[in-house]
Amino acid sequence: MKIMYIFPHPDDESFGPAGAIDKQIQEGNEVILLTLTKGGATKVRHQLGLTVQEMGKVREKEMQKVQRTLGISEMTILDYEDGGLAKINPSYLESEILKWIQYYRPNVVVTYPVHGGSGHHDHITLHHIIKRLFFNKNEGLNFWKRLAYFTVIDTGLPMFFEGGIPRVTWTKKEDILVTEQLSQANITKMKEALLCYDTYQEMVKTTNVIDRIGNKTHFELEAETPPNMLSSLTESINP
């Protein structure tokens, strides 16, 4: 089957999903990646003395390394404003994403859940646009069987930090409907994918993403309530 990951930024595919992507490819699925920005607005550019455009070129090259490392079949990197997806007419952005979905014809589309994983506005904007596309899809999109959201289980900590500052609440355990068990080889591939981002190694260490993901990758499903936890994104899908 074809699984299409749609994310706003370079590294979104590696900060968490990479182990599952490797597993899905090893199981014979074709994995496609659409990234809407080149991620040039990252604060790392200041440390490197690069402009947004220059940083975008660096991150694009890092993504190409990831594609080779994971064996992603097809990858498209667009050049929308990093941090600016919420400023774009949503109808225009819908049309753009729909064009690529029609081109690649995936059976499963994966993006971020409503909390965006980190609360990033680009992540949340993309969630709502793809969800709307899924519910409004016509007969010409019958190949698109499932919409899934890559996520992590919420910590259960209080909703507010000290001083009344709200935190991002992740997905409740009961809302996880797919859990992909990762092998050591899958985890190694995730580490290799993260190492492709030379400019982001400090962030990899700070977020402790490898330990946080561990040996399981979790997904929510849109408009589905399977009777039991699914063990893969393609389970129980009729071609």
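Nothing in this text is a laboratory measurement; each read-out follows from the coordinates by a stated rule. Nothing here was measured: the structure is a model prediction, and the numbers come from that model. Cβ placement follows ideal geometry from the backbone for every residue including glycine, while neighbour counts extend to all protein chains displayed.
Worth a mention:
- Three-way shape call for segment 104-191 based on the alpha-carbon gyration tensor, with the a/c threshold at 1.5: oblate
- Global geometry of the chain, whether rounded, prolate or oblate, following the gyration tensor of its Cα atoms and the 1.5 cut on a/c: rounded
- The DSSP beta bridges internal to segment 2-221 are antiparallel in roughly 30% of cases.
- FRET efficiency for Arg212 and Glu235, using Cβ-Cβ distance with R0 set to 25 Å, rounded to 0.05: 0.55
- For the chain, a simple Cβ point-charge model (Lys and Arg +1, Asp and Glu -1, everything else neutral) yields a dipole of about 120 debye relative to the Cα centre.
- Take each peptide in 191-204, 219-232, 113-126, count the other Cβ atoms within 10 Å of every residue, and average; sorted highest first, the result is 113-126, 191-204, 219-232.
- Label sites at Gln26 and Ser118, each approximated as a point 7 angstrom past Cα along Cα to Cβ, lie 2.7 nm apart.
- Using a cut-off of 20 Å between Cα atoms, the listed pairs Lys38/Lys87; Lys2/Lys205; Lys43/Lys216; Lys61/Lys87 include Lys2/Lys205; Lys43/Lys216; Lys61/Lys87 as exceeding that distance.
- Available extension along the chain between Gln184 and Lys87 is 30.8 nm, counting 0.36 nm per residue and deducting the alpha carbon span.
- Which listed pairs, of Lys65/Lys99; Lys23/Lys65; Lys131/Lys172; Lys57/Lys189, have C-alpha distances above 22 Å, in listed order: Lys65/Lys99; Lys57/Lys189
- Each of Leu194, Thr225, Ser118 was placed along the dipole of segment 96-239 (beta-carbon charges, centred on the mean Cα), and the one lying farthest toward the positive end is Thr225.
- As a proxy for reagent exposure, ranking Met63, Met1 by other Cβ atoms within 10 Å from fewest up yields Met1, Met63.
- Put simply, the amide H of Lys216, placed in the peptide plane, has neighbours under 5 Å in Leu182, leaving out anything fewer than 5 places away on its chain.
- Euclidean distance between Cα centres, segment 151-181 to segment 70-104, Å: 27 Å
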